[in-house]
Amino acid sequence: MRIAITGASGNIGSALVRRLRADGSHELVGLARRPPTDHDDGVTWHSTDLSTDACHDTLVEAFRGADAVVHLAWGFQPSHDLTYLAETGIGGTRRVLRAVAEVDVPHVVHMSSVGAYAPKHDDRPVDESWPTEGVPTSRYSRHKSAAERLLDQHETAHPDRVVTRIRPGIVGQRAAGSALLRYGVPAFVPSKALGLLPVLPMDRGLVVPMVHTDDVAEAVATVLRQGASGPFNLAADPPVTAQVIADAFGAKLVHVPSSVVRAVMSATWHARLQQVDTGWLDMGFALPTMDTTRARVELGWAPTKDGPTVFAEVVAGMKDAASGRTPALRPRTVIGAVSDAVRRGPVAVRRRP
């Protein structure tokens, strides 16, 4: 199969490329804002920025003749540049679907998220029929929901084509450690300091579905092989709780109501002291856990690692500033992070190169 992958150098993209290369039978086309410089990876790379219409010709060239397009690209930073994030997530999805339609790609696999789901009513896991209206106070959730509406329109306009929506919980792997440090930890904080956290002030009611990056890649590979359509929840039981998070950091959990945590988080984000906005906290407390029966039955999928194990691996990767071979997963150091902050501004506001 000829498979084009947007965001192919990122957390999920790098794992998917690795998984598909293992089959030894695919022609892979990777799209990324900053492609890897190592071109001996069996992938034909294209540099493109999905946040502007200038990407159209590149998308058409990359998608032409493809049996499937896997759309993974998304923006998480700069968190204060709301226009850029919307143009990358919602606008990028619109641009990908427009190019897909122009060259008649028969199968689109879109990486949605648990974040697309409406807030939960109780603690029961939900299946793929749960409304994808998003969490109003989370821009990430609203953008994922808006992307789902674009997929609805694409399906209506092209009923003869296959559309698959992958809705995973939080996706993690060790190699994403440096990337997560850049997104979530101030530049002057060394990675090893994460192991020195004595207490974790957090609402004990937090419960977050999580899944390993390699398990998501396996599900996507199966979807491509089967030509499976529709939405699929992906999550590993049991989910990650506040106590699991504290244990992974070697800290004592101190219960603090989410409203108090939110106030501190909001103040520090507005002061540019850290780059994670309150929408992520709101989403964490609002979203449901997921019923993955459909993926297990129709895809034969099963996670190889449970939620707490995945989270522990991610935290270990953050403590070690673990990295991958692509620019998106590049190593993070305090000196490098501070230098970038001085030259280009904090991650939360800096313009993309």
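Annotations
- Those residues of the range 294-332 which are under 30 Å from Thr137 (Cβ atoms) and either of a type in the set (A, V, I, L, M) or in contact with a Pro (Cβ under 9 Å, 6 or more places away or on another chain) (or both), in sequence order: Arg294, Ala295, Asp306, Gly307, Pro308, Val310, Ala312, Val314, Val315, Met318, Ala328, Leu329
- Scanning the range 293-346 for residues that are at pLDDT 95 or above, of a type in the set (Val, Ile, Thr) and assigned to a loop (DSSP other than H, G, I, E, B) yields a total of 1.
- Inside the range 52-98, residues that are among the aliphatic types (A, V, I, L, M), in a helix (DSSP H, G or I), in contact with a helix residue (DSSP H, G or I) (Cβ under 6 Å, 6 or more places away or on another chain) and buried (at least 23 other Cβ atoms within 10 Å of the Cβ) make up a count of 2.
- Which numbered condition Ala221 fails, given (1) in contact with a helix residue (DSSP H, G or I) (Cβ under 6 Å, 6 or more places away or on another chain); (2) touching a residue at least 24 places away in the same chain (Cβ under 8 Å); (3) within 20 Å of Asp282 (Cβ to Cβ): (3)
- Counted residues, the range 1-25 - those being surrounded by fewer than 24 Cβ atoms within 10 Å (Cβ to Cβ), assigned to a helix (DSSP H, G or I) and of a type in the set (Ser, Thr, Tyr): 0
- When residues of the range 42-78 are limited to those that are among the acidic types (Asp, Glu) and touching a residue at least 60 places away in the same chain (Cβ under 8 Å), the one farthest from Pro327 (Cα to Cα): Asp67
- Residue-level check: of (1) in contact (Cβ under 8 Å) with a residue 12 or more places away in the chain; (2) surrounded by fewer than 16 Cβ atoms within 10 Å (Cβ to Cβ); (3) part of a helix (DSSP H, G or I), Phe188 misses just (3).
The values are calculated or read from the model by the stated rules, or taken from the named source; none is laboratory data. Bear in mind that the values here come from a model prediction, so they are computed numbers and not experimental data. Counting neighbours? That spans all protein chains shown, and the Cβs are built from the backbone with ideal geometry, glycine included.
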